[in-house]
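Novice: My structure is below; once you've seen it, I'll send some questions.
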Amino acid sequence: AEYGKQWYQRRVRGLENALLAQEKALEAYKNSEASAKDELGKLEKELEVTHQAARRRDEEVRKLKKEVEKAKKGSSMYNLCNVLKPGETLELVSVDLPAITQQLPRGIYLQAGQHGVYVESVDSNGSAGRTNRLRTGDRVVEINLSDVSNGSFDAVSREIDSPRALQLVVARVAPDVRIESKLRAEALKDQLKGLVGDLDKTTKHCQGLQEEMSTLKDELAGLKAKQKSELSSASNQKNLEELQNLKALLAQKEQYLKTLETTVKSKNELLVTMEMDSHRTPRHTPNSSLHNNSFSPGLSSTTKASPTKGDINDLVNKYG
């Protein structure tokens, strides 16, 4: 019973350690699941921000298209789109330039290209450079609401070099933000799907760990109940053996007591007989006085009273 108790205690400790390890693993997976959810929320927010930026870009593109349609006035502005490549869009920039003065020149240098007149460079000390809106490679398409997209290099140069104030519109090729936003949104969706898949795997693993933990708890409860039952059975067996031993000892004591009672009874009968003999009238023999002294311990020959308990005890002590 003691060995079985120790074995079950070791088994219970092992199961408790395994259960603790499983609980730690489950806690770690819960933490990873929470972090995955947080990352998923961040990605969703980033995706929403990207969608909002794409919508703003679309709105800007629509406005620019309206401006292009307005500035075009049925001219050859459609030819501007012929130079665009897939993934590119047309961006129109309007620049207001003040009149040329001796202290503040215009500072725009042009060059002829295949599809029109382009900005070759911008002097940073001129009025155009101070606006920070013109770039190298911009195509001049409109000057003071006049379409010059198909104009000659000389005509555009004369307009640019005129001392009056100008409202200049240039077109530049820029990456299509809608395509970039779409590609980024697709990449975010793929990343989101991967995170969702990882989250599902983590959830399934957590469920498996919970089932295993429940099984271990049931097994631990069964072992504890079995251990308790066996300990109770061993305790009852031990108590039964002790009770049987006590009963045997009690029987021995009772037998010994009966023997003592029988011995005492026989002694009492002997004492009574001796006392009765001692109270009889003695014969007148030369040894009568000796005879009376031998069987009358502390009693006179003329005493008629029955012996008391103290007299019996004295007689037992004296005669055994």
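The values are calculated or read from the model by the stated rules, or taken from the named source; none is laboratory data. Predicted model only: the values in this text are computed from it and were never measured. Every residue, glycine as well, gets a Cβ built from its backbone with ideal geometry; the counts of neighbours run over all protein chains shown. Side chains are part of the model used for accessible areas, which takes the heavy atoms of the whole protein and leaves out ligands, DNA and RNA. Shrake-Rupley method; radii C 1.70, N 1.55, O 1.52, S 1.80 Å.
Novice: The conditions are (1) among the polar types (S, T, N, Q); (2) at pLDDT 85 or above; (3) open to solvent by 60 Å² or more (accessible area, probe 1.4 Å), and residue 121 fails exactly one of them. Which is it?
Specialist: Residue 121 satisfies all of (1) among the polar types (S, T, N, Q); (2) at pLDDT 85 or above; (3) open to solvent by 60 Å² or more (accessible area, probe 1.4 Å) except (3).
Novice: Consider residue 14 carefully, then state whether it is within 29 Å of the chain's Cα centre (by Cα), over 30 Å from residue 193 (Cβ atoms) and open to solvent by less than 80 Å² (accessible area, probe 1.4 Å).
Specialist: yes
Novice: Continuing with this model, one more query. What are the residue pairs meeting all of these: first residue in segment 218-229, first residue surrounded by 12 or more Cβ atoms within 10 Å (Cβ to Cβ), second residue β-branched (Val, Ile, Thr), Cβ atoms under 6 Å, and 6 or more apart or on different chains?
Specialist: Matching pairs, first to second residue: 223/12.
Novice: Taking residue 78 as meeting all but one of (1) modelled with pLDDT under 75; (2) open to solvent by less than 70 Å² (accessible area, probe 1.4 Å), write down the number of the exception.
Specialist: Answer for residue 78: the failing condition is (2).
Novice: Continuing with the same structure: Filter segment 126-168 for residues that are free of Cβ contacts under 8 Å to residues at least 12 places away in the same chain and open to solvent by 70 Å² or more (accessible area, probe 1.4 Å); which is farthest from residue 113 (Cα to Cα)?
Specialist: Restricting to residues being free of Cβ contacts under 8 Å to residues at least 12 places away in the same chain and open to solvent by 70 Å² or more (accessible area, probe 1.4 Å), the top hit is 130.
Novice: Next question. Is it true that residue 8 is within 26 Å of residue 221 (Cα to Cα), open to solvent by less than 70 Å² (accessible area, probe 1.4 Å) and of a type outside the set (Val, Ile, Thr)?
Specialist: Yes, satisfied.
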